[in-house]
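Read the structure below first, then the notes.
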Amino acid sequence: MSTLLQINTSARAAGQANRLADDFVQAWHNQHPQDRIILRDLTRHPVPHLDERTLNAFFTPPEQRDADLQAAVRLSDELIAELQAADVVAIGVPMYNFGIPSTLKAYFDHIARAGITFRYTSNGPEGLLKGKRAIILAARGGIYSGTLMDTQSAYLRDFLAFVGITEVEFVYAEGLAKGDEAASKARLHAAARIAELSAI
Ligand SMILES: Cc1cc2nc3c(=O)[nH]c(=O)nc-3n(C[C@H](O)[C@H](O)[C@H](O)COP(=O)(O)O)c2cc1C
């Protein structure tokens, strides 16, 4: 039995990226009915921006944290434990203002922890979240994949590799703001890719 972690990051609950992530999870469930599914819903429960107290907690060794710093690190510890338990991570990612949603960036800031999810070695950084697969369900108004304007995909690949997740696949639903015909084509394209990836 594997564990699939779904991460929703759209600003709206019924956002297209959330819906694509739902579609992937449903397809996965159909193929792997015994698997455990966990939802981290950043739409309804966004994590806060990093602040001074949280960073102080990150950089204080556990045995030296007082009660306040222990409380400050709790959410990050919980998010990391959830990720460590996952074999597959499906992230719904809308493009907002040429980047990832700030909800997802805030989440990444909580799960990138030196000594826990990555470490520095004499050969450079090493990601510690190994053996996982990530599926990015990307919803976009325009069409950017394969062009230099798609900094979102490169960033996601780089960040996930930094924490050790090197097997990353993308499902794109692009051109959603380019009229009904383009939007239905994009949805069909995404549905076919979801069917392909959920069957592996
Ligand atoms: C605040 C905001 C910013 C957006 N910025 C972009 C953008 O930079 N490029 C783009 O192609 N689409 C942009 N869009 C369109 C969204 O990517 C598209 O509608 C996508 O489906 C949104 O996903 P969601 O429904 O999950 O929020 C933007 C939409 C919103 C609401």
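The values are calculated or read from the model by the stated rules, or taken from the named source; none is laboratory data. All values reported here derive from a predicted model rather than from experimental measurement. Don't worry about glycine lacking a Cβ; one is built from the backbone with ideal geometry, like all the others, and counts go over all protein chains shown. Keep in mind that these areas ignore ligands, DNA and RNA; they rest on the heavy atoms of the full protein, side chains included. Shrake-Rupley method; radii C 1.70, N 1.55, O 1.52, S 1.80 Å.
Being away from the ligand (no atom under 16 Å from the Cβ) and either within 18 Å of PHE59 (Cβ to Cβ) or of a type outside the set (Phe, Trp, Tyr) (or both) is the requirement here; does THR117 meet it? Against the criterion (away from the ligand (no atom under 16 Å from the Cβ) and either within 18 Å of PHE59 (Cβ to Cβ) or of a type outside the set (Phe, Trp, Tyr) (or both)), THR117 qualifies.
Taking the stated definitions as given, is VAL89 within 24 Å of GLY141 (Cα to Cα) and either more than 16 Å from the chain's Cα centre (by Cα) or away from the ligand (no atom under 16 Å from the Cβ) (or both)? For VAL89, the condition - within 24 Å of GLY141 (Cα to Cα) and either more than 16 Å from the chain's Cα centre (by Cα) or away from the ligand (no atom under 16 Å from the Cβ) (or both) - is met. Once the range 1-14 is narrowed to residues that are of a type outside the set (Gly, Ala, Ser) and over 14 Å from the mean Cα position of the chain (by Cα), the residue that is surrounded by the most Cβ atoms within 10 Å (Cβ to Cβ) is THR3. Taking the range 134-177 as the range and being part of a strand (DSSP E or B), out of contact with any His (no Cβ under 9 Å at 6 or more places or on another chain) and within 14 Å of the ligand (Cβ to nearest atom) as the test, the residues that pass are ILE136, LEU137, ALA138, ALA139. If you filter the range 15-24 down to residues that are more than 8 Å from the ligand (Cβ to nearest atom) and farther than 9 Å from ILE194 by Cα, you find that the one that is most open to solvent (accessible area, probe 1.4 Å) is ASP22. Could you tell me whether the range 117-126 includes any residue that is at pLDDT 95 or above, assigned to a strand (DSSP E or B) and among the acidic types (Asp, Glu)? So far as the range 117-126 goes, yes, one or more of its residues are at pLDDT 95 or above, assigned to a strand (DSSP E or B) and among the acidic types (Asp, Glu).
Does any residue of the range 81-90 turn out to be exposed (fewer than 13 other Cβ atoms within 10 Å of the Cβ) and within 30 Å of GLN31 (Cβ to Cβ)? Checked the range 81-90: at least one residue is exposed (fewer than 13 other Cβ atoms within 10 Å of the Cβ) and within 30 Å of GLN31 (Cβ to Cβ).
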